[in-house]
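First the structure, in the form of structure tokens, and then the observations on it.
The values are calculated or read from the model by the stated rules, or taken from the named source; none is laboratory data. Please read these numbers as outputs of a predicted model, since none were measured by experiment. Ideal geometry is used to build each Cβ from the backbone, glycine not excepted, and the neighbour counts take in all protein chains shown.
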Amino acid sequence: MPRLVRHRDALVIGGGPAGLAAAIALRGRGWNVELADAAVPPIDKACGEGILPAGVAALRQLGIQIATEGGLPFHGIRFLENGISVEGRFSAGRGIAVRRVRLHQLLARRAESLGVRLHWGVNAEKLAEFAESRWIVGADGQSSRLRRLFGLNRGVVLSRRFGFRRHYRVAPWSDMVEVYWGARGQVFVTPVAADEVGVALLTSDPRSRIDAALEEHPALLLRLRHAERVSSDRGGCTLNRYLHRLSNSRVVLIGDASASADAITGDGLTLCFEQALALADALDRNDLRLYRARHFRLWACPALSSSLLLLLERLSRFRCELWRACAFWPSPLSHLLRLYSR
């Protein structure tokens, strides 16, 4: 493993999509960038694995074209519950679904090709190593240790839920991400390859699991009953969280370390990539006010939309009536889908 150099413009702590995107964006501005993470690739995480149209556009600015590298396009969102199916197609562009490990490989390869020095298996808490970096970019996730160490942990948690994900070897039956609503939460089905779908459960009950949630959706269960399961279950926590401060004189936060919206919106990866571009622009201009303002605008829409969708989760009777109305009058769903496609 190459040694950390003593003179660098930015040291990124955290090698997930947010950290790699930040490193790519800063290196694209000519900065001397290094990245360190305690994990060793391939790095996987519970994730819906769909990237919305705005995220695809941001990735393109970072120099990554997933459509030609093993991703699968999707063109909208379909909601299903109690035999009712309503859908909306994106008004501009298309989304891309890609396995999380594949996305990580693409981001890491792009960073390396630009000259970012990547250090895997490194204990990022050795703060003495960071002293001569102009900036430390904290991209170490929802439970960020950097955020606590540098006094940036104050904020508000608006909601907390749980997510679980697995994959099945089966040909996708739709060019949309399907969202099955039920008593245990939402089951997302994402077409990630020509012969594979990802299935994720988002729930308020930490005891719920995918198998129990599938029992609520017989049609979906029938499609998957004889399909080969090709990944083990992964779990995680999803938050609606706002932080009072994103930076101090030497540290700036990005990704889930900075703020987050419930994964029901599917905006997590898109936020990472758009925040990375905003951060690079602000640091290059030496004006973090630009980043704070842009960060809030990027976060506010997913946070608002997730709050509205979580309200629907609690109002099951109203939700079913809404789906029925949308089946005959699609305008309300079109407005709701705008929250996804931004």
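Results for (1) over 21 Å from Gln142 (Cβ atoms); (2) of a type in the set (A, V, I, L, M, F, W, C), shown as yes or no for each residue.
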residue: Val33; (1), (2): yes, yes
residue: Ile43; (1), (2): no, yes
residue: Ile51; (1), (2): no, yes
residue: Gln61; (1), (2): yes, no
residue: Leu72; (1), (2): yes, yes
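Can you find a residue that is free of Cβ contacts under 8 Å to residues at least 24 places away in the same chain and within 18 Å of the chain's Cα centre (by Cα) anywhere in the stretch 271-281?
Scanning the stretch 271-281 turns up at least one residue that is free of Cβ contacts under 8 Å to residues at least 24 places away in the same chain and within 18 Å of the chain's Cα centre (by Cα).
Starting from residues that are under 28 Å from Leu246 (Cα atoms) and among the hydroxyl-bearing types (Ser, Thr, Tyr), keep the ones in the stretch 298-321 and report whichever is farthest from the chain's Cα centre (by Cα).
The residue in question is Ser307.
Among the residues of the stretch 93-110, are any surrounded by fewer than 18 Cβ atoms within 10 Å (Cβ to Cβ) and touching a helix residue (DSSP H, G or I) at 6+ places or on another chain (Cβ under 8 Å)?
Yes, because at least one residue in the stretch 93-110 is surrounded by fewer than 18 Cβ atoms within 10 Å (Cβ to Cβ) and touching a helix residue (DSSP H, G or I) at 6+ places or on another chain (Cβ under 8 Å).
What pairs come up if the first residue lies in the stretch 81-93 and is small (Gly, Ala, Ser), the second is surrounded by 16 or more Cβ atoms within 10 Å (Cβ to Cβ) and in a strand (DSSP E or B), and their beta carbons are under 7 Å apart, counting only those six or more places apart or on different chains?
Correct list of pairs: Ser85/Arg78; Gly88/Gly76; Gly88/Ile77.
Cβ-Cβ below 6 Å, separation at least six or inter-chain, first residue in the stretch 106-130 and farther than 15 Å from Ala18 by Cα and at pLDDT 80 or above, second surrounded by 12 or more Cβ atoms within 10 Å (Cβ to Cβ) and acidic (Asp, Glu): which pairs?
Arg117/Glu34; Trp120/Asp37
Within the stretch 217-242, how many residues turn out to be within 22 Å of the chain's Cα centre (by Cα) and either aromatic (Phe, Trp, Tyr) or farther than 22 Å from Gly163 by Cα (or both)?
1
May I ask you to list the residues in the stretch 248-267 that are touching a helix residue (DSSP H, G or I) at 6+ places or on another chain (Cβ under 7 Å) and surrounded by fewer than 24 Cβ atoms within 10 Å (Cβ to Cβ)?
Val251, the sole residue that qualifies.
What's the total number of residues in the stretch 49-85 that are among the acidic types (Asp, Glu), closer than 15 Å to Phe273 by Cβ and part of a strand (DSSP E or B)?
Residues flagged as among the acidic types (Asp, Glu), closer than 15 Å to Phe273 by Cβ and part of a strand (DSSP E or B) within the stretch 49-85 amount to 0.
Taking only pairs six or more apart or across chains, which ones have beta-carbon atoms under 6 Å, a first residue in the stretch 51-78 that is over 18 Å from Phe90 (Cα atoms) and touching a residue at least 40 places away in the same chain (Cβ under 8 Å), and a second residue that is of a type in the set (Lys, Arg) and not in a loop (DSSP other than H, G, I, E, B)?
Gly63/Arg110; Ile64/Arg110; Gly70/Arg102
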